[in-house]
1. Give the number of residues within the stretch 72-102 that are aliphatic (A, V, I, L, M), within 26 Å of ASP267 (Cβ to Cβ) and surrounded by 18 or more Cβ atoms within 10 Å (Cβ to Cβ).
2. I'd like to know if the stretch 192-204 contains one or more residues that are surrounded by 17 or more Cβ atoms within 10 Å (Cβ to Cβ), in contact (Cβ under 8 Å) with a residue 40 or more places away in the chain, out of contact with any His (no Cβ under 7 Å at 6 or more places or on another chain) and under 24 Å from ASN72 (Cβ atoms).
3. Can you give me the number of residues within the stretch 152-175 that are part of a strand (DSSP E or B), closer than 19 Å to ARG119 by Cα and acidic (Asp, Glu)?
4. Please state which of the following conditions THR57 fails to meet, knowing it meets all the rest: (1) crowded, with 20+ Cβ neighbours inside 10 Å; (2) under 14 Å from the mean Cα position of the chain (by Cα).
5. Looking only at the stretch 68-120, filter to residues that are among the basic types (Lys, Arg) and under 27 Å from LYS132 (Cβ atoms); which one of those is nearest to the chain's Cα centre (by Cα)?
6. Name the residues in the stretch 141-164 that are farther than 18 Å from ARG130 by Cβ and either of a type in the set (A, V, I, L, M) or surrounded by 18 or more Cβ atoms within 10 Å (Cβ to Cβ) (or both), would you?
7. Might you check whether a residue that is buried (at least 17 other Cβ atoms within 10 Å of the Cβ) and among the hydroxyl-bearing types (Ser, Thr, Tyr) occurs anywhere in the stretch 257-264?
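Only the coordinates and a few stated rules stand behind these numbers; no lab work does. Since this is a predicted model, take the numbers as computed values, not measurements. Cβ sites come from the backbone with ideal geometry, for glycine too, and all protein chains shown count toward neighbours.
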Amino acid sequence: MPRRRPLRPLTWAIAIASTTAIVLVFALRPSSRSTAAAAGPRPRAAGSPSAAPVSATAIAGVFPSASVLPANLLRFSIEFSAPMSRGRAYEHVRLVDSANREVDRAFLILDEELWDHARTRFTLLFDPGRLKRTLRANVELGTPLREGRRYRLTIDREWPDATGRALAGRVEKSFSVGPADRAKPRVADWRVDSPPAALSRDPLRVSFPEPLDRALLLSSLTIVDARGARIAGRVTLGAEERSWRLTPDQPWSSGAYRVRVDPRLEDLAGNNLTRVFDVDRTADEREAAPQTERPFAIAPRRAPATSP
């Protein structure tokens, strides 16, 4: 069981993506965490036909997927192939260093675990008190991750899914730690790679100079045409969450377009387009509005050359 300590009544703005909304602010306060086990599957009635075998729930991914993460990493996201149980998450995750020692008090343990609506994505927050340099926990303990060292996030298979069954297997994510990131993402640094041809359904790709938060990235970018109409399509992410691709439902038309960005989009350290996570702004501070759009154009398709 992870150790639990009292939390001071502080409030941080932390964006958590869900299927229908983005939760922006929640209070961190001391309370007791329930350890009740999830209910197991209902017994099958006598004489009922046997159910078809159901494959065990598996871990579909652990994000960020990069192998080098910032020393002030804010969160991990763990995605599952089927809904999971509530109230057992923190018992089944551990952060260990290269000597296989568990990192003490690395994560923020909340009474209300951070699940998406489908309960297939769990957000595991590092303790913000250890990330913000002006707070006592950071001064006394430092950040949970130290630059230049290696760590493993381990997830054991005994974590029960929504039916009470264990996972298909144990998963580990190994990574090394780079410098802390205390800069806001800048849309001006992004690149629209080779805009697609008019009348095609080729994907549009936007590349970033750093990895961005996967869950927020999936919902924070939209493409609009010159009239402001949204281009519908299928969104996929590239390696290490360093690129975003939209394959349109309908062929592209020639003309002017814009990549429109929600300013709450965050990098791996929780910095968004309007503020650095590590810095508490006072009410009288004024900053220039961030760039939230990136223009590009699709040229008309050229007519094929004709022979003389």
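1. Matching residues across the stretch 72-102 total 6.
2. Scanning the stretch 192-204, I find no residue that is surrounded by 17 or more Cβ atoms within 10 Å (Cβ to Cβ), in contact (Cβ under 8 Å) with a residue 40 or more places away in the chain, out of contact with any His (no Cβ under 7 Å at 6 or more places or on another chain) and under 24 Å from ASN72 (Cβ atoms), so the answer is no.
3. Applying the first criterion (part of a strand (DSSP E or B)) to the stretch 152-175 yields 152-155, 161, 171-175.
From the residues that got through so far, the ones that are closer than 19 Å to ARG119 by Cα too are 155, 161, 171.
With acidic (Asp, Glu) added as a condition, the list becomes 161.
Number satisfying all stated conditions: 1.
4. (2)
5. Out of the qualifying residues, it is ARG75.
6. ILE155, TRP159, PRO160, ASP161, ALA162
7. Yes, because at least one residue in the stretch 257-264 is buried (at least 17 other Cβ atoms within 10 Å of the Cβ) and among the hydroxyl-bearing types (Ser, Thr, Tyr).
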